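See below for the structure under consideration.
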Amino acid sequence: MEDKKAKSAPSPKLSRASSAGKSGNSKPAKGKKKLTIKDQLIAENNELKEELQKLGDENKALHEKLEVIVMKIVTNDDEGEDLEMEEGFEPCNLPTDDIMAMLQKIIKKSKTRKKHALEIRVEELETRVTHLTVELAKTSRAKIAFEHGLKATCLCPDMEQVRAKVEQVRLEVEGPHWTAPVYSTNQSNTTLHPMTYKSLSDSFSSGRHNVPFNPPRPKLPGDTHINQLIKELRLFLVRELSLEKASRADWRTMAERVGIPEDVIEEWEKLKLEYPMSKVFAEWSQSDSATVRLLHRHLVSPQMRCVLLAKRLDDYYQVT
């Protein structure tokens, strides 16, 4: 037993040699300098400084973008003008809820504006069509007047009658509606188709302008020409639209929309007619396109917004 223990126990020389070999392998190689803790901290600190500088530049750029966006929102908001006038106003200091509320209002306003723009475009096209229809009617009347005038001129025996006939044709072509001397403050001499101003005044004084309370069932067709408009309803519209408003949502805008020239409208204003809307109806009624449906569209247009009058028309005629 003692011999086995002696064999298994390592010799002291071998143990010292192996330990010396291990310790020799763990020594650092020549030429390499081991970093101290201080050097490592300095290197890490420099890296953090570089990263901090980079993040600071990015934050500054994002802050500038945010400031531009917020200022744009504030500028386009109705209440933003008061904020801009405040001393020391900083756009980026606004609460997020306020910015989102402003943005929602701008988006809603934009959608409404697009809708109104489309409606205005449709109204402009309708007005243009009305103008062209009125001009076509005038051109057709002028053509017929010229044809009849030429035939009558050929039958004239002398130059005096020729001149008279030419003057008559000229007056027919130009039309009395567009010449200022024809209009006078004596309204009884001017006819309202199909009623005269005298009958118009008598109707208002006698109370016959009141619209019937029982609309027809079924409603009358919307393509009805305004000449065939219910008499009481027509008188009601003439009375209401003849009252001038500061917004010009009256006979003046209606006259512009149906194609009456501005100089004629100004002339009618100077004459201070009692019921100028009757003249508008009389002139517009010469067009075949002057229907109750188109009258209703004019009343509900963004320029007029005569909702109550349009509703009254809708009670009697199929306008939609």
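What are the residues in segment 249-275 that are of a type in the set (Ser, Thr, Tyr) and either out of contact with any Lys or Arg (no Cβ under 8 Å at 6 or more places or on another chain) or open to solvent by less than 10 Å² (accessible area, probe 1.4 Å) (or both), if any?
The initial filter retains those residues of segment 249-275 that are of a type in the set (Ser, Thr, Tyr), namely 253, 275.
Answer for segment 249-275, where residues must be of a type in the set (Ser, Thr, Tyr) and either out of contact with any Lys or Arg (no Cβ under 8 Å at 6 or more places or on another chain) or open to solvent by less than 10 Å² (accessible area, probe 1.4 Å) (or both): just Thr253.
Output the number of residues of segment 70-99 satisfying the condition of being assigned to a helix (DSSP H, G or I), surrounded by fewer than 11 Cβ atoms within 10 Å (Cβ to Cβ) and modelled with pLDDT of 80 or more.
Matching residues across segment 70-99 total 2.
If the requirement is being without any contact (Cβ under 8 Å) to a residue 40 or more places away in the chain and not in a helix (DSSP H, G or I), which of these qualifies: Lys270, Lys245? Walk me through how you get there before you give the answer.
Values: Lys270 fails: not in a helix (DSSP H, G or I).
Going through Lys270, Lys245 in turn, just one is without any contact (Cβ under 8 Å) to a residue 40 or more places away in the chain and not in a helix (DSSP H, G or I): Lys245.
Suppose we keep only residues that are surrounded by fewer than 21 Cβ atoms within 10 Å (Cβ to Cβ) and of a type in the set (Ser, Thr, Tyr) within segment 276-313. Which one would you say is nearest to Trp251 (Cα to Cα)?
Ser285
Just one of Lys108, Lys38 is at pLDDT 60 or above, among the basic types (Lys, Arg) and surrounded by 10 or more Cβ atoms within 10 Å (Cβ to Cβ); which is it?
Lys108
Listed here are the residues, each with its yes/no results for (1) part of a helix (DSSP H, G or I); (2) closer than 28 Å to Ala142 by Cα; (3) without any contact (Cβ under 8 Å) to a residue 40 or more places away in the chain.
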{"residue": "Arg252", "(1), (2), (3)": "yes, yes, yes"}
{"residue": "Ala255", "(1), (2), (3)": "yes, yes, yes"}
{"residue": "Ile260", "(1), (2), (3)": "no, yes, yes"}
{"residue": "Lys279", "(1), (2), (3)": "yes, yes, no"}
{"residue": "Gln286", "(1), (2), (3)": "no, yes, no"}
{"residue": "Ser289", "(1), (2), (3)": "no, yes, no"}
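Could you give every pair whose Cβ atoms fall below 7 Å, whose first residue belongs to segment 216-234 and is hydroxyl-bearing (Ser, Thr, Tyr), and whose second residue is outside any loop (DSSP other than H, G, I, E, B) and surrounded by 15 or more Cβ atoms within 10 Å (Cβ to Cβ), counting only separations of at least 6 or pairs across chains?
From residues that are hydroxyl-bearing (Ser, Thr, Tyr), the pairs are Thr224/Thr291; Thr224/Val292; Thr224/Tyr317.
Given the condition within 29 Å of Glu266 (Cβ to Cβ), open to solvent by 50 Å² or more (accessible area, probe 1.4 Å), assigned to a helix (DSSP H, G or I) and at pLDDT below 80, answer yes or no: does some residue in segment 153-170 qualify?
Within segment 153-170, the subset within 29 Å of Glu266 (Cβ to Cβ) is 167-170.
Within this subset, residues satisfying the condition of being open to solvent by 50 Å² or more (accessible area, probe 1.4 Å) are 167-168, 170.
With the extra rule that they be assigned to a helix (DSSP H, G or I), the set shrinks to 167-168, 170.
Next cut, at pLDDT below 80 only: 170.
Yes.
Determine which member of the set Glu135, Glu67, Glu119, Glu123 is open to solvent by less than 100 Å² (accessible area, probe 1.4 Å), modelled with pLDDT under 80 and more than 20 Å from the chain's Cα centre (by Cα).
Numbers: Glu67 fails: modelled with pLDDT under 80; Glu119 fails: more than 20 Å from the chain's Cα centre (by Cα); Glu123 fails: more than 20 Å from the chain's Cα centre (by Cα).
Result of the check over Glu135, Glu67, Glu119, Glu123: Glu135.
The values are calculated or read from the model by the stated rules, or taken from the named source; none is laboratory data. In this text, all values refer to a predicted model and were calculated from it rather than measured experimentally. Heads up, the Cβs are rebuilt from the backbone with ideal geometry, glycines too, and the neighbour counts pull from every protein chain shown. Only protein heavy atoms, including side chains, enter the accessible area calculation; ligands, DNA and RNA are left aside. Shrake-Rupley method; radii C 1.70, N 1.55, O 1.52, S 1.80 Å.
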